Each structure stands twice: as structure tokens, then as C-alpha cells.
1. Suppose we filter Ala98, Ala109 for residues that are part of a helix (DSSP H, G or I), surrounded by 15 or more Cβ atoms within 10 Å (Cβ to Cβ) and either touching a residue at least 24 places away in the same chain (Cβ under 8 Å) or in the same structural domain as Ser64 (by TED's automatic domain parsing) (or both); which single one remains?
2. Quick check, is Ile87 at negative phi, within 19 Å of the chain's Cα centre (by Cα) and not assigned by TED's automatic domain parsing to the domain that holds Ile15?
3. Name, by its number, the condition in (1) closer than 30 Å to Gln97 by Cα; (2) charged (D, E, K, R); (3) more than 29 Å from the chain's Cα centre (by Cα) that does not hold for Asp33.
4. Just one of Arg11, Arg46, Arg42 is among the basic types (Lys, Arg) and in a helix (DSSP H, G or I); which is it?
Amino acid sequence: MAMSQVPFEKRLNRINQVHARMRNGVRLRMLSDGLIVARPRRRAPRLPLNALLILVGAFFLFKSFLLLSLGSAVYGDRVNTLATGSIIEQGGAWIMQADPVSTWVAKQANAFLH
């Protein structure tokens, strides 16, 4: 009798775990036979692709603004100064180095403003 209870206990534990995950919310789904099944929602929300693209675009605009306001010579000097610092500053210098997208946007903005 004790051996027949083991699979039942495993199923019961699995049901209890799924039920505990449903505290984060459920997602209802209708199967082809009309049965509505509730599944737990994912815990961590995924970062949407459009938010990631907006973040990258804002970063390039920020770099372009710095290039436009400081000028390419001063901007390059500041990035070179940053490259001589600690490992974190060197990483920042690598990220902030002038790239074709930022320089193109800065040139377009400069032509628009003048």
C-alpha cells in the first residue's frame, strides 16, 4: 500500500508547486475541445525588443550630442584620457569611442543647425 502512494504524492507535490507559481498570475488558454486551462505566468518579464532598440538609439543620440557640442577633437581627447584610466574607465572609453553612426548623426545635426 505504501508503494502505491508514492506516485500519488509526486503528482500532488507537482500540482502544489504549479499552484504556488500561480501567485504571479495565470494565463488562460482554451484547448481544441473547449477546456480552459490555467497556466502560471513567467516570473521575470522579458525585455521587449522595441525597448532595447529605443535604449540603443538613445545611447547613439547621446554620443552624437556630445560629439556635436564638444567637437570631434575635444571629444577624442576626452575619450583618450578616459582610456588611460582604470579597467572600468577603459571599458567606458571603448564604448564611448566615436563610431560611424554617431559621427553621421552629429554631422547631420550640425548641417541642420547651421
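The values are calculated or read from the model by the stated rules, or taken from the named source; none is laboratory data. Values in this document were obtained by computation on a predicted structure and should not be read as measured data. All Cβ positions, even for glycine, are placed from backbone atoms using ideal geometry, and neighbour counts span all protein chains on display.
1. Of the residues listed, the single one that is part of a helix (DSSP H, G or I), surrounded by 15 or more Cβ atoms within 10 Å (Cβ to Cβ) and either touching a residue at least 24 places away in the same chain (Cβ under 8 Å) or in the same structural domain as Ser64 (by TED's automatic domain parsing) (or both) is Ala109.
2. The answer is no for Ile87.
3. Here Asp33 meets the rest and fails (1).
4. Only one candidate qualifies: Arg11.
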